[in-house]
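Chemist: Could you have a look at this structure, given as structure tokens, before my questions?
The values are calculated or read from the model by the stated rules, or taken from the named source; none is laboratory data. All figures in this text were calculated on a predicted structure; none of them were measured in a lab. Every residue, glycine among them, receives a Cβ derived from its backbone with ideal geometry; neighbour counts consider all protein chains shown. Surface accessibility is based on the protein's heavy atoms, side chains included, excluding ligands, DNA and RNA. Shrake-Rupley method; radii C 1.70, N 1.55, O 1.52, S 1.80 Å.
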Amino acid sequence: MQPDNQKQDLDLVVLAKVLKLSKPYIKIFAFCIFLAVVMAVVANIRPFLIGTMVDDYIFKNDMDGLKKMAIIYILFVLANVLVRYFFIYYSQVLGQSVIKDLRVKVFEHVQSLKLRYFDQTPVGRTITRTISDVQAINEIFTQGVLTMFADILGIFAILGFMFYHSWRLTLVCLATLPLMIIATYIFKEKVKVSFQNVRNQISIMNSFLQEQISGMQIVQMFNAEKQEAKKFKEINRKYTEANLNAIEYYAIFYPVVEIISAVGLALLIWVGSRGIWNHTISAGAFISFPLYLNMLFRPVRMIADKFNTLQMGLVAADRVFKLIERDDKIRDYGEVVKDNIRGNVKFEDVSFAYDEKTFVLKNINFELEAHKTLAIVGSTGSGKTSIINILNRFYPIQKGRIIIDNIDIKKLKLNSLRTKIAMVLQDVFLFNGTVMDNITLRDDTMDRGEVIKASKEIGAHPFIEKLPGGYDFKITERGSNLSMGQRQLISFVRALVINPDILILDEATSSIDTETESIIQYAIEKLIEKRTSIIIAHRLSTIRHADKIMVLDKGEVVETGSHDELIQNMNGHYRTLYEKQFEQSVEV
Ligand code: UTP
Ligand code: MG
């Protein structure tokens with residue numbers, strides 16, 4: 001926790017930043033301020049009008065004048081309705097416009113962050129930043145700054161009318177105001193704490209639910225429903241408690257306010273009636289002051305709530321700003337744009353650690369000539385996937401150079417680098433959408449014919465055609481309505497359709513039936529034809545087709561050579577791995 005005064009500075013800084021977001025909508029902002037000023041007068045003039053009607057018209061039997069006053073009164077009521085309508089509407093327009101822009105900003109920023117951010121941040125947190133925290137910023141405008149400004153102006157306007165009408169009665173009203181302010185302040189502080197508590201509990205419940213729903217299969221598989229339900233009940237109980245706790249303060253605050261108002265009213269009547277007897281206070285003032293009192297207390301009472309909303313909005317804003325001010329983007333200083341590459345890949349003494357400390361790749365050296373195929377093999381965790389992660393610059397390397405066609409990949413523009421390399425990852429990720437969407441990734445420039453041609457080329461067409469709707473078959477989230485083999489074939493088409501110069505394939509380890517296996521095998525052969533390919537291979541057939549095999553162990557290259565060369569080495573890593581993996585003794 002930060003010390004309080006520091007916190008207040010922070011709030012002001014954040015508030016300034018939030019207000020700055022409204023710059024493109026400065027006209028709407030100015031209009032809202034103008035409406036707030038008008039509203040302060042038209043909303044609070046009514047008691048004054050009533051007092052005037054009583055003193056100057058009713059007591060003086062001026063019926064015509066009274067009628068005129070009544071019309072003026074009605075006009076003010078209508079004006080108030082109208083001004084308030086525009087104020088509410090336009091402060092929402094302002095808030096919504098600001099957060100509409102902000103959401104895009106957050107989304108685009110998140111897209112540009114290094115993968116490490118996603119490795120370290122729970123998905124739920126990023127979603128909360130883009131959705132609910134941004135939503136809370138809307139309230140800074142609608143409930144916070146503008147309404148509070150309007151309320152404070154209103155209070156001054158009421159006090160002005162009151163003093164003008166009768167300073168004596170005003171002083172009587174002000175006597176109870178300090179009590180009201182103290183009560184409001186205490187309430188604000190208490191409610192703030194309990195609201196933070198409520199928010200925390202919501203967030204705990206959200207993350208629990210999110211994880212449970214994603215892992216439902218495991219829960220049901222292991223009959224863990226009871227334990228999980230118990231955990232949920234506990235979280236739910238805490239959430240309810242937090243809510244009740246917050247409500248308790250309201251339950252105390254409102255009656256206290258009633259009492260203070262009642263005391264104020266009693267004082268007013270007492271002093272007022274004596275004033276009437278000794279002619280220091282007019283009947284009109286006596287009648288209108290209870291109305292003033294009501295009008296004065298209402299914004300004071302509400303300001304506590306609004307202040308909390310404002311503060312919660314600022315907390316949310318602070319979190320959003322922290323996210324969009326994060327600087328861990330992938331540096332794209334490269335300027336070289338290459339339209340055509342031959343596809344010569346070279347690693348020079350490359351070392352890499354995800355966390356800058358534990359090196360998972362150590363001094364890797366290899367050269368792969370254009371149009372050749374390199375198979376990388378090695379036990380699990382040996383660093384195979386890491387090699388392809390750095391080739392595409394998903395993560396920055398700490399040492400060495402990666403060179404494609406004599407150019408350090410750092411010097412290539414990120415876009416230019418990535419359009420040349422297609423990757424098929426170990427875990428295929430499919431989005432919610434049609435097969436076609438998943439292949440083109442919603443790139444309109446790709447035409448349907450090309451996609452079908454590519455899919456025919458690798459032999460995925462027959463299976464896709466058989467799906468209900470063919471290429472328009474709707475894939476559900478993450479591809480759960482397709483088999484593993486089918487998902488893989490789609491990801492192959494996705495890679496082929498961009499016609500990459502370098503193809504990287506992280507073979508999935510899961511076994512599939514022999515028929516699909518042969519389809520996939522055929523597809524892989526087609527994919528690696530005529531282009532530089534790096535394959536993290538688990539299949540014997542793929543490995544055998546490779547021009548070169550590189551064996552990794554604990555982040556180091558331990559052997560390189562062709563299958564025939566490596567298999568000769570009786571105690572070599574490759575031979576051992578090969579025997580283990582394919583459970584057969586090798587005849588040389
Ligand atoms: P790899 O993911 O490169 O291993 O992780 P691999 O060879 O491909 O393994 P399989 O065959 O797919 O199972 C290499 C090391 O990097 C660490 C892992 O803990 C592993 O020890 N690692 C991986 C990270 O630290 N962070 C990551 O995001 C991924
Ligand atoms: Mg891997």
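Chemist: Quick check on my filter: what residues within the stretch 309-353 are touching an Asp or Glu at 6+ places or on another chain (Cβ under 7 Å) and aromatic (Phe, Trp, Tyr)?
Modeler: Residues satisfying the conditions do not exist here.
Chemist: Any residue at all in the stretch 528-535 that is of a type in the set (D, E, K, R), within 27 Å of Ile403 (Cβ to Cβ), open to solvent by less than 60 Å² (accessible area, probe 1.4 Å) and touching a strand residue (DSSP E or B) at 6+ places or on another chain (Cβ under 6 Å)?
Modeler: Within the stretch 528-535, one or more residues are of a type in the set (D, E, K, R), within 27 Å of Ile403 (Cβ to Cβ), open to solvent by less than 60 Å² (accessible area, probe 1.4 Å) and touching a strand residue (DSSP E or B) at 6+ places or on another chain (Cβ under 6 Å).
Chemist: Does Ile490 meet the test of being open to solvent by less than 80 Å² (accessible area, probe 1.4 Å), of a type outside the set (Lys, Arg) and assigned to a strand (DSSP E or B)?
Modeler: When the stated conditions are applied, Ile490 does not pass them.
Chemist: Kindly indicate whether Ile213 is over 25 Å from Thr184 (Cβ atoms), exposed (fewer than 13 other Cβ atoms within 10 Å of the Cβ) and free of Cβ contacts under 8 Å to residues at least 40 places away in the same chain.
Modeler: Here the answer is yes, as Ile213 does meet what is asked.
Chemist: Consider only pairs whose beta carbons are under 8 Å apart and that are at least six residues apart or on different chains; among these, list those whose first residue lies in the stretch 374-390 and is open to solvent by less than 10 Å² (accessible area, probe 1.4 Å) and more than 8 Å from ligand 2 (Cβ to nearest atom) and whose second residue is aromatic (Phe, Trp, Tyr) and assigned to a helix (DSSP H, G or I).
Modeler: Val377/Tyr574
Chemist: Quick one: how many residues across the stretch 492-522 are touching a strand residue (DSSP E or B) at 6+ places or on another chain (Cβ under 6 Å), within 16 Å of ligand 1 (Cβ to nearest atom) and either farther than 15 Å from Gln426 by Cβ or among the small types (Gly, Ala, Ser) (or both)?
Modeler: Qualifying residue count, the stretch 492-522: 0.
Chemist: Quick one: would you say Gly334 is more than 16 Å from ligand 1 (Cβ to nearest atom), over 22 Å from Ile543 (Cβ atoms) and open to solvent by less than 30 Å² (accessible area, probe 1.4 Å)?
Modeler: yes
Chemist: Within the stretch 281-293, is even one residue more than 27 Å from the chain's Cα centre (by Cα) and under 24 Å from Glu189 (Cα atoms)?
Modeler: Among the residues of the stretch 281-293, not one is more than 27 Å from the chain's Cα centre (by Cα) and under 24 Å from Glu189 (Cα atoms), which makes the answer no.
Chemist: Let me ask something additional. Among the residues of the stretch 423-470, which ones are more than 16 Å from ligand 2 (Cβ to nearest atom), assigned to a loop (DSSP other than H, G, I, E, B), touching a helix residue (DSSP H, G or I) at 6+ places or on another chain (Cβ under 7 Å) and not hydrophobic (A, V, I, L, M, F, W, C)?
Modeler: Asn432, Gly459 - these are the residues of the stretch 423-470 that are more than 16 Å from ligand 2 (Cβ to nearest atom), assigned to a loop (DSSP other than H, G, I, E, B), touching a helix residue (DSSP H, G or I) at 6+ places or on another chain (Cβ under 7 Å) and not hydrophobic (A, V, I, L, M, F, W, C).
Chemist: Given the options Glu556, Glu477, name the one that is more than 30 Å from Phe347 (Cβ to Cβ) and of a type in the set (D, E, K, R).
Modeler: Going through Glu556, Glu477 in turn, just one is more than 30 Å from Phe347 (Cβ to Cβ) and of a type in the set (D, E, K, R): Glu477.
Chemist: The conditions are (1) in a strand (DSSP E or B); (2) within 16 Å of ligand 2 (Cβ to nearest atom), and Tyr395 fails exactly one of them. Which is it?
Modeler: Of (1) in a strand (DSSP E or B); (2) within 16 Å of ligand 2 (Cβ to nearest atom), only one is false for Tyr395: (1).
Chemist: Could you tell me whether Gln120 is within 16 Å of ligand 1 (Cβ to nearest atom) and surrounded by fewer than 18 Cβ atoms within 10 Å (Cβ to Cβ)?
Modeler: yes
Chemist: Among what's in the stretch 539-561 and is closer than 19 Å to Ile387 by Cβ and of a type in the set (S, T, N, Q), pick the residue that is most open to solvent (accessible area, probe 1.4 Å).
Modeler: Top of the filtered list is Thr560.
Chemist: Picking from Val13, Val42, Val83, which residue would you name as being assigned to a helix (DSSP H, G or I) and either open to solvent by 40 Å² or more (accessible area, probe 1.4 Å) or at positive phi (or both)?
Modeler: Unique residue meeting the criteria: Val13.
Matching residues to (1) under 39 Å from the mean Cα position of the chain (by Cα); (2) under 20 Å from Ala495 (Cβ atoms); (3) at pLDDT below 85:
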residue: Glu517; (1), (2), (3): no, yes, yes
residue: Leu552; (1), (2), (3): yes, no, no
residue: Val557; (1), (2), (3): no, no, no
residue: Thr560; (1), (2), (3): no, no, no
residue: Ile567; (1), (2), (3): no, no, no
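Chemist: Can you tell me which condition Met446 does not meet? The list is (1) over 28 Å from the mean Cα position of the chain (by Cα); (2) at pLDDT 90 or above, and all the others hold.
Modeler: For Met446, the failing item is (2).
Chemist: Scan the stretch 411-431 for residues that are more than 15 Å from Leu441 (Cα to Cα), touching an Asp or Glu at 6+ places or on another chain (Cβ under 9 Å) and either surrounded by 22 or more Cβ atoms within 10 Å (Cβ to Cβ) or not hydroxyl-bearing (Ser, Thr, Tyr) (or both) and jot them down.
Modeler: Lys411, Leu412, Lys413, Leu414, Asn415, Lys420, Ile421, Leu425, Gln426, Asp427
Chemist: Cβ-Cβ below 7 Å, separation at least six or inter-chain, first residue in the stretch 181-201 and free of Cβ contacts under 8 Å to residues at least 60 places away in the same chain, second open to solvent by less than 80 Å² (accessible area, probe 1.4 Å) and not in a helix (DSSP H, G or I): which pairs?
Modeler: Short answer, once both residue conditions are applied: none.
Chemist: Then there's this: Is there any pair linking a residue in the stretch 115-127 that is within 16 Å of ligand 2 (Cβ to nearest atom) to one that is outside any helix (DSSP H, G or I), with Cβ under 7 Å and at least six apart or on different chains, and which?
Modeler: Within 7 Å, the pairs are Leu115/Phe394; Leu115/Tyr395.
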